[in-house]
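Report on the structure given below.
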Amino acid sequence: MHMHAISNKKSKIPHSNRPWIRAMQSGNFARAWEVSDAHLRARLAAGSPPHAGPRHLQQIWDGGPLTDKRVLVRCYHGLGDTIQFIRFAAPLRKMAREVVVWGQPPLLPLLASASGVDRVLPLHDGTPDVDFDCDLEIMELAHALRIDEPSIRCAVPYVFVDEQWTPLLKRRRDLAVGLVWRAGDWDERRSVPVNFLSALSHVSGVRLFSLQCGLAKAEASRIPAEVVATSDVGRTAVTLRHLDLLISVDTFVAHLAGALGVRVWLLLHADCDWRWMQERSDTPWYPTMRLFRQRSAGDWPTVIEELMAALQQLRQRNGY
């Protein structure tokens, strides 16, 4: 099964996807690609059109070679998915003649900075304005390149930001901690009720900054935290680079921080996405990320207790 056809949304996971999910959660990448290969063969035999249906469900790669080709990488998923998988542009470029990324406009400066990317073009509702020999969706890169855990790991940062912007936060001598507590509405299990984070404001030597955007932005006063949120991805990246720590739920800002090499503590619900695997507090995707997991569905209080203890240790270790 292709990565972009899989999700852990509230809806039931189709039975045919479960072997792929189990393989990825256990880190058995070889088994995952066996499942993906079988799915690809079945799709091609059925003559399924590659660009039909909702974009986030489209399966585009036809299994053909990428060597010495002009490859178009289509970014049809969320911003976080694109940031996470752009790391594979570098190994792709080692075999391809050219790599063109058709990406979300807010991400283009970051994508252009990634190793292996020759050109970036703004994604739109029409057809791509470029000639290419073959194309694939960015989350199909892992299958096409037959990645394993060692090849997921990469040095950070692997995207870079223009430091000309002044960060929105004003530093003092405190430990600067950014917060994001709400993810997209499509899976409310990912979000943490803001009241649970108010305990963080009582930790001495810590200064809290809210990077939460959207309607939940106004909730920052209930923590309380200083609002430094912005919808501009570049300015968000600069702000992240000036934090000591980001505490976040599973959403775009966490991926951006991980790709920038910022220390991230990720808060995960009990049935979290396949990419975070199982029973691990680390992740091969981001070397500066630590995972805090619910032990049972809805058990955020235990997660916050573990988080508070870790924050106290970090504060003491850094002399705040």
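Could you please let me know if ASP148 is of a type in the set (Asp, Glu), surrounded by 15 or more Cβ atoms within 10 Å (Cβ to Cβ) and touching a residue at least 12 places away in the same chain (Cβ under 8 Å)? Criteria met by ASP148.
Remark: pairs (first residue in the range 202-213, farther than 14 Å from GLY178 by Cβ; second residue assigned to a loop (DSSP other than H, G, I, E, B) and aromatic (Phe, Trp, Tyr); Cβ separation under 7 Å; 6+ apart in sequence or on different chains) = GLY205/TYR320. Kindly establish whether LEU110 is under 15 Å from the mean Cα position of the chain (by Cα) and surrounded by 15 or more Cβ atoms within 10 Å (Cβ to Cβ). Spelling it out, LEU110 is indeed under 15 Å from the mean Cα position of the chain (by Cα) and surrounded by 15 or more Cβ atoms within 10 Å (Cβ to Cβ).
Against the test of being without any contact (Cβ under 8 Å) to a residue 60 or more places away in the chain, of a type in the set (A, V, I, L, M, F, W, C) and crowded, with 19+ Cβ neighbours inside 10 Å, the options ALA310, ALA225 yield a single qualifying residue, ALA225. From the list ARG222, ARG241, ARG293, the lone residue that is more than 13 Å from the chain's Cα centre (by Cα), among the charged types (D, E, K, R) and more than 24 Å from ALA199 (Cα to Cα) is ARG241. Just one of the listed residues (ILE83, ILE138) is of a type in the set (Val, Ile, Thr) and closer than 20 Å to SER36 by Cα, namely ILE138.
Among the residues of the range 278-320, the one identified as at positive phi and touching a strand residue (DSSP E or B) at 6+ places or on another chain (Cβ under 9 Å) is GLU279.
Read-outs: derived from the displayed coordinates by stated rules, not from any lab. In this text the structure is predicted, and so the values were computed from the model without any measurement. Virtual Cβ from ideal backbone geometry, glycine too; neighbours counted across all protein chains shown.
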